[in-house]
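These notes are about the structure you will find just below.
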Amino acid sequence: MGRTKICVIGLGYVGLPLARLFSTKYETVGFDMNPKRVEALMQGHDATLEVSDELLQSAIKNGFKCTANIDDIRDCNFYVVAVPTPVDENNNPDLTPLYGASTTVGKVISKGDIVVYESTVYPGVTEDECIPVVEKVSGLKFNVDFYAGYSPERINPGDKLHTVEKIKKVTSGSTPEIGKKVNEIYSSVIQAGTHLAPSMKVAEAAKVIENSQRDINIAFVNELSKIFTALGIDTNDVLEAASTKWNFLPFKPGLVGGHCIGVDPYYLAQCAQRHGYNPEIILAGRRMNDGMGEYVANQVIKLMLKKGIQVLHSNILILGFTFKENCPDVRNTKVIDIYKALKEYNLNITIYDPWANAAVAKHEYGVDIVNTLPSLKFDAAIAAVAHREFESIDVQSLLNPQHVIFDVKGTLDRTIIDGRL
């Protein structure tokens, strides 16, 4: 293969940190279809906040380049696809971004080149769905003229401790030799080391069960939360007591959104169904977690009624809109489910989130959010996301004397709250 020149296709939460990391050892080009995204990156700022301005500007100074021009990536020989893999409105896997990225690769790939997929998929997608597109567009033959690999992304948005180079990476290749080559390139930049899987399908399966496992465990404690709330027991007290056993798994109840845990189980479920198996536990976990936003809304309404607070046209404050704390990502946020359920009661709802982009929230969900605290007095507050900025807020000072406080994340002083998961 000679000199390795890397192209990372898709410069989002996964692709940009990886491309920046690769650029420390290899000539690297980042490709994205969005010219505005590319322009902002080349000016030294990442709106996702996954790569600091200092690191990004240093990488650019040392030769890292981002582009929306396909001609700029024709001389690369190691392509990495890191585009989103969402689900549609019916929770079916949407492979459209992967097909588009594979078409792009097909236009530029040459003999001897390698394309590695990082996007989360169900076992077989790389070989059965993506590679045929590359073959058709390029006219090259798989495992004869070009090769492939799969190395599932392990980015944790907003986490500045477990960054890409500090998380062990699973790698694989379309042949044993290519697997070793792919592993060699990744291991040269991943400080935490790598694990070379025996096949791409094994690597794909490993990724999709990582998040499915978390989803199921969170669904279990979400169900426990509903049970213990009905019994008048604090769920967190129960979990704290149970966690004194050495092998108890420390999961907590909450909203399960984002582009990984809330999505990946559907990929595994559809794969299973295609092969004649109906996955009961996986889909049961999904149903439980997908219903938590509506559950929170209904709990708040019940608490207001118990206190004699007028529900119709009351003022409700939701603290946080992103899918997780200290992160601007609003993709698949389950806070929207709380909002929609409350809207059915004809309430006046204010969403305050200092991290979220108001224009993005409006475009994606049709909701208005504010980035500064309003002076209005509220009848109820829902602490939906545990942003660090919320730690210094006196929530009670934002509310009327008769009020309800519901703590989704379990971070508020328990003496001031009326309910929590």
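Miscellaneous remarks
- Residue tally, condition closer than 30 Å to residue 261 by Cβ, among the charged types (D, E, K, R) and part of a loop (DSSP other than H, G, I, E, B), over the range 43-91: 4
- Per the listing 63, 10, the residue uniquely surrounded by 17 or more Cβ atoms within 10 Å (Cβ to Cβ) and outside the structural domain of residue 357 (by TED's automatic domain parsing) is 10.
- Every condition in (1) assigned by TED's automatic domain parsing to the domain that holds residue 385; (2) assigned to a helix (DSSP H, G or I) is met by residue 282 except one, and the failing one is (1).
- Just one of the listed residues (382, 369) is closer than 17 Å to residue 414 by Cα, aliphatic (A, V, I, L, M) and surrounded by 18 or more Cβ atoms within 10 Å (Cβ to Cβ), namely 382.
- Matching option when the condition is at pLDDT below 95 and not aromatic (Phe, Trp, Tyr), among 174, 188, 110, 119: 119
- Restricted to the range 74-100, and to residues there that are hydrophobic (A, V, I, L, M, F, W, C), touching a strand residue (DSSP E or B) at 6+ places or on another chain (Cβ under 9 Å) and within 21 Å of residue 132 (Cβ to Cβ), the residue that is surrounded by the most Cβ atoms within 10 Å (Cβ to Cβ) is 80.
- Residue 324 vs. criteria assigned by TED's automatic domain parsing to the domain that holds residue 388, surrounded by fewer than 16 Cβ atoms within 10 Å (Cβ to Cβ) and either acidic (Asp, Glu) or within 30 Å of residue 14 (Cβ to Cβ) (or both): no
- Selection within the range 120-174 - hydroxyl-bearing (Ser, Thr, Tyr) and either without any contact (Cβ under 8 Å) to a residue 12 or more places away in the chain or part of a loop (DSSP other than H, G, I, E, B) (or both): 120, 122, 151, 163, 172, 174
- Whichever residue in the range 236-256 is assigned to a loop (DSSP other than H, G, I, E, B) and under 22 Å from residue 291 (Cα atoms) and, among such residues, is modelled with the lowest pLDDT: 250
- The set of residues in the range 352-377 being in a loop (DSSP other than H, G, I, E, B) and within 24 Å of residue 391 (Cβ to Cβ) consists of 353, 354, 355, 356, 357, 371, 372, 373, 374, 375, 376, 377.
The values are calculated or read from the model by the stated rules, or taken from the named source; none is laboratory data. The structure presented is a predicted model; accordingly, all values stated were derived computationally and were not measured. All Cβ positions, even for glycine, are placed from backbone atoms using ideal geometry, and neighbour counts span all protein chains on display.
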